[in-house]
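**Student:** Let me begin by handing over the structure; questions about it come next.
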Amino acid sequence: MQQINAIPGPYAEKAREIAEALSQMDQIVVAGHVHPDGDAAGSVAAVGHILRDMGKEFMLYANPRLPGYLDFFPMPAVVHTTLAHPPFTPRCAVLLDCGEPERLGAELAGLLPQLDSVNIDHHLGGDGMGSRDNWVVTEAAATAQLVAYVSMAAGLPLTGDLSLAVALGLITDTGGFCHGNTSADVLSLASHLVKNGCNLPWLREQLDNNWSLGRWRLWGLLMENSLVTHEGQVGFCQVRLQDLSRCQALKEDLEGFVEQLRRLRGVKVAALLREDSPQLCKFSLRSYGDLDVRSIAADLDGGGHFNAAGGTLRMPLEQAGQVLLNRIGLYLDGLRNTAR
């Protein structure tokens, strides 16, 4: 009863509903979005712990794999990178931290119509893709926050590696409890984790003290190449494919760099543009306070959160940079005109 009472009121009923749905499922694929970040990976791990405690048969899946900087993290089972030879014939799925089948990758998206699925997410853009049930709460700071409440509702204590999994998701999507989504509910949950033995300093140390030399060199190069535009309001950096190879770095080594751009004094919008191929670029946007970068991303067919968003531009890098900066400029001009 103490666990259930720890769930904030607005989340309690749905948390119990999702816990009940999980209790009725078996032979389950647990997956987050492609190229999982800490929230997706932490949520997958946390659901794995819940299903194991429920006595369910499950498999963890990550496409193309978990990022190298999470090699230290204790997962509750082997993480499969393909569904070609699953340990059982999947009948169900728990889909985490994304709301569109294409974000799962082609392999799982193709299997999805055959599966009885539950979707837990906190992104804007839809009501979920689960065939059995959906829990999409855009006010939640992280999907792992919602998974924590499901665990509480199921009567499973947030201790041990389960607590670390939830903490990983919270730390990732709140920027180490620095972003505007660090609500009282988030801090209350973090306090609950620590009271139950979660070693946050150890987790923070593992995340911070594992940079490769390639990542170090890449960040140095990108800091040198970064620009400040629009009268000091925009921090912008382009990442060419050759930058990664030159530094012997991976795409995952860019994790966190857009937040670094936001540290520049006077910058209101940070923008990172990554070249994935000669005709395909990915962008990430960050902001502070009441600056809505999701609206900028949405105008470019992207999405995300109010202060953290992104998307894809199918054009060469230089053209994509112009398009992105022009759209950011239009947004800032609109704010300036509204303020007059």
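The values are calculated or read from the model by the stated rules, or taken from the named source; none is laboratory data. None of the values given here were measured: they were computed from a predicted structure. Glycine also receives a Cβ, built like all others from the backbone with ideal geometry; neighbour counts cover every protein chain displayed. Accessible surface is based on the protein model in full, side chains and every heavy atom, while ligands, DNA and RNA are left aside. Shrake-Rupley method; radii C 1.70, N 1.55, O 1.52, S 1.80 Å.
**Student:** Over region 209-340, what is the percentage of antiparallel beta bridges among all DSSP beta bridges, to the nearest 5?
**Tutor:** Bridges in region 209-340 that DSSP calls antiparallel: roughly 75 percent.
**Student:** Taking the highest mean first, how do the peptides 157-169, 40-52, 105-117 order by number of other beta carbon atoms within 10 angstrom per residue?
**Tutor:** My ranking of the peptides, most packed first, is 40-52, 157-169, 105-117.
**Student:** Mind listing the Cα extents of region 137-287 along all three principal axes, in Å, largest one first?
**Tutor:** Result, largest extent first: 50, 33, 29 Å.
**Student:** Based on the alpha-carbon gyration tensor of region 121-161, what equivalent-ellipsoid semi-axes (square roots of 5 times the eigenvalues) come out, in whole Å, largest first?
**Tutor:** Listed largest to smallest, the semi-axes of region 121-161 are 22, 13, 7 Å.
**Student:** Which percent of Cα-Cα pairs in the chain sits in each 20 Å bin, short to long?
**Tutor:** With a bin width of 20 Å, the distribution comes to 31, 58, 12, 0.
**Student:** Now a separate question. Tilt of helix 38-53 relative to the longest C-alpha principal axis of the chain, in degrees (0 to 90, nearest 10)?
**Tutor:** Approximately 0 degrees, to the nearest ten.
**Student:** Calculate how steeply helix 160-173 sits against the longest principal axis of the alpha-carbon atoms of the chain, using the helix alpha-carbon long axis, and give the answer as 0 to 90 degrees to the nearest 10.
**Tutor:** Helix 160-173 sits roughly 30 degrees off the main axis of the chain.
**Student:** Would you mind telling me the antiparallel percentage of the DSSP bridges in the chain, rounded to 5?
**Tutor:** Within the chain, antiparallel bridges account for around 45 percent of the total.
**Student:** Students often get this wrong: which residues of region 293-314 have the backbone nitrogen under 17 Å from the point 7 angstrom along Cα-to-C-beta of Ser183?
**Tutor:** Output list for this probe position: 305-308.
**Student:** Probe of 1.4 angstrom, ligands and nucleic acids ignored: what's the accessible area per residue over region 47-152, in square angstrom? Could the numbers behind the result be given before it?
**Tutor:** Working: 4170 Å² over 106 residues.
In whole numbers, region 47-152 has 39 Å² accessible per residue.
**Student:** Would you mind getting me the FRET efficiency between Thr338 and Thr89? Use the beta-carbon distance for r and R0 = 41 Å, nearest 0.05.
**Tutor:** For Thr338 and Thr89, the calculated efficiency is 0.15.
**Student:** Separate question: Expressed as a whole percentage, what fraction of the accessible surface of the chain belongs to carbon and sulfur atoms when a 1.4 Å probe is rolled over the protein heavy atoms?
**Tutor:** C and S fraction of accessible area: 49 percent.
**Student:** Helix 9-23 sits at what angle to the longest principal axis of the chain, using alpha carbons and giving 0 to 90 degrees rounded to 10?
**Tutor:** Value to nearest ten degrees: 60.
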